Amino acid sequence: MAELNEKMQNLSVNDNTNGYVPPHLRNASRKPRSSDGQGQDQGNFGGNRNNNNNGGSFFGFNNRNNNNGGFGGNRGGYNRGGFGGNRNNNNNWGPKGSTNRGAWIDGKHVPGKSNPKLELELFGAPDDPSFQSSGINFDNYDDIPVEATGKDVPEPITEFTTPPLDEVLMENVKLARFTKPTPVQKYSIPIISAGRDLMACAQTGSGKTGGFLFPVLSESFKNGPNEIHHNENYYQKKAYPTAVIMAPTRELATQIFDEAKKFCYKSWVKPCVVYGGAPIGNQIREMDRGCDLLVATPGRLSDLIDRGKISLSNVKYLVLDEADRMLDMGFEIQIRQIVEGCDMPPVAERQTLMFSATFPADIQHLARDFLGDYIFLSVGKVGSTSENITQRILYVENEDKKSALLDLLSASEEGLTLIFVETKRMADQLTDFLIMQNLAATAIHGDRTQSERERALAAFKSGRANLLVATAVAARGLDIPNVTHVINYDLPGDIDDYVHRIGRTGRAGNTGLATAFFNRDNGNVVKGLIDVLEEANQEVPQFLRDSASFSRSGSNRSRGGRNNSNRDFRNSNNSWGSRNNSSRGGNGWGNNSRSGSSRGGNDSWGSSSGGSNNNSWW
Ligand SMILES: Nc1ncnc2c1ncn2[C@@H]1O[C@H](COP(=O)(O)OP(=O)(O)OP(=O)(O)O)[C@@H](O)[C@H]1O
């Protein structure tokens with residue numbers, strides 16, 4: 001990292017006092033443009049001009065890679081073995097002939113047998129770089145302040161132990177080479193094991209998936225499935241999952257499913273995944289073979305409920321992962337219909353868990369309706385970024401971005417680089433441009449077919465394409481080992497998106513670099529950006545501060561500013577009965593800025609007790 005920073009300094013890319021100067025103009029006199037729009041544009045620096053590469057070997061894009069390893073699908077060999085339909089059978093899955101699957105028989109958990117080949121597929125070899133391993137800064141997580149509010153908050157655990165964790169789950173945690181819980185896991189495991197509802201917020205890459213999977217699976221292994229009270233229609237099979245996990249995107253759903261496969265190993269719990277854009281028939285057939293833990297995107301889940309293929313009447317655990325993103329994507333009506341309008345047990349008869357790295361106010365309203373007497377857990381500041389990620393903001397005009405990008409890429413060390421743009425069109429254009437430079441780039445965005453998206457991700461993960469140009473579709477949750485650099489070629493209009501995007505690097509205690517191109521078009525996000533940089537002890541370039549004084553977001557709380565709550569808003573004195581008070585982009589956020597609730601303030605960081613807080617934060 002130090003070397004990379006040095007190289008960037010040498011390239012002048014990191015010079016925050018002046019605007020970005022493309023290589024061909026470095027020795028020319030060129031006045032930096034001011035971010036208030038007063039500067040003069042003296043040059044027209046298109047990106048292609050300097051790069052007359054006609055002999056491009058077109059890599060990766062447009063399906064040129066014959067990669068058969070679809071995202072998330074192959075590693076576990078999940079589809080190869082037959083799943084018997086009945087959960088009480090000791091069904092086989094994984095490589096042929098294995099009997100790894102456990103069963104629930106006469107009120108007891110009978111684990112399956114070990115299968116070394118499948119173990120290798122699920123958990124990888126210790127030195128396999130395609131499996132994320134914890135980095136040198138993993139221990140730094142111990143210093144992260146944690147706050148848990150609500151009634152009777154259980155004490156956190158400090159190690160993975162039995163109890164509270166089930167033995168089979170413990171074995172799988174060991175196979176995954178997880179030696180100790182991350183902070184969010186330390187709290188979420190005892191909270192969920194105690195049967196409590198939970199709203200948990202923790203930084204990107206800090207192990208939230210395990211935070212809900214470990215206790216949900218562990219309790220399921222101990223307690224077995226709910227008894228199905230409904231008559232099975234012989235001609236139409238229905239899935240009755242015990243746990244339902246909803247996630248905003250197909251890729252994230254697939255990734256959670258992959259994690260679930262690992263930690264369900266040898267147990268009676270059979271995980272399934274359903275998402276739009278893939279043939280529904282295959283997904284139904286897979287569910288017919290057993291479906292105890294279902295990972296789903298809201299749209300496909302509603303569809304399958306409407307078709308009578310899924311009943312939620314058996315659900316003990318409902319998890320909403322990246323719930324705020326699901327609302328942003330317009331899924332609220334579908335989610336409410338699934339949770340409140342179908343046969344899902346009521347709040348008191350299920351456990352409901354919400355996880356995200358950002359929790360804007362409206363998601364806390366959803367919590368009011370979906371969760372009962374819940375614990376609010378915040379690990380680190382809500383919406384903050386990990387200090388493992390070094391953040392750099394460069395002033396780059398739109399027409400200079402391509403050159404600046406090439407500069408950055410030439411300075412990059414080994415590793416994968418994720419480049420975020422705002423539009424699908426731009427993703428395609430930029431990918432083509434990079435391919436023309438003989439760079440190994442591919443793209444992921446919503447207009448690509450599911451199989452194209454899967455191939456792109458697989459090529460990126462394997463390193464065959466070390467550059468992935470992405471829209472917001474890849475911003476959340478994706479856990480790709482060895483992403484060393486995230487470049488916000490276009491900054492998002494929403495600071496929460498920025499937080500999630502850069503969180504694709506610096507995961508599980510590893511270090512990472514995040515570079516963003518900023519110019520006057522990004523005035524709406526400047527205030528939030530400064531907050532995020534300051535919270536993570538990063539350098540704030542002067543041009544950002546200058547820009548903040550011109551920016552609208554300096555004076556209101558648009559989505560570009562920080563409208564997260566880092567508080568459990570039940571502790572607020574304000575009435576939160578009216579949704580209108582908390583709409584995104586609204587005003588009336590009160591006097592308490594985020595810094596008002598920093599460690600040095602009145603708040604009880606580091607305490608697990610539910611101190612009440614009279615701050616009015618909207
Ligand atoms: N206890 C642990 N020890 C070591 N590594 C862990 C542990 N828990 C999780 N990890 C690894 O850390 C990485 C990040 O975890 P995960 O994807 O759950 O993060 P997250 O908090 O959900 O991130 P995001 O907010 O981006 O979705 C994963 O590769 C996971 O395997």
Past the 21 Å Cα-Cα mark, which pairs from LYS108/LYS316; LYS151/LYS174; LYS117/LYS270; LYS208/LYS266; LYS238/LYS316? LYS151/LYS174; LYS208/LYS266
Please say if the stretch 314-461 is rounded, prolate or oblate, where rounded means a/c under 1.5 for a ≥ b ≥ c the square roots of the C-alpha gyration tensor eigenvalues, and otherwise the choice is prolate for a/b larger than b/c and oblate otherwise? prolate
Which order do THR179, THR515, THR161 take when ranked by solvent-accessible area (1.4 Å probe, heavy atoms of all protein chains), largest first? THR179, THR161, THR515
Averaged per residue, the 1.4 Å probe accessible area of the stretch 475-544, protein heavy atoms only, in Å², is roughly 21
List the extent of the Cα atoms of the stretch 251-403 along each of their three principal axes, largest first, rounded to whole Å. 54, 38, 34
Averaged per residue, what accessible area in Å² does the stretch 299-414 show with a 1.4 Å probe, protein chains only? 27
Computed over the stretch 418-498: relative contact order in percent, which uses C-alpha pairs under 8 Å that are six or more apart: 42
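The values are calculated or read from the model by the stated rules, or taken from the named source; none is laboratory data. No experiment lies behind these values; they were computed from the predicted model shown. Only protein heavy atoms, including side chains, enter the accessible area calculation; ligands, DNA and RNA are left aside. Shrake-Rupley method; radii C 1.70, N 1.55, O 1.52, S 1.80 Å.
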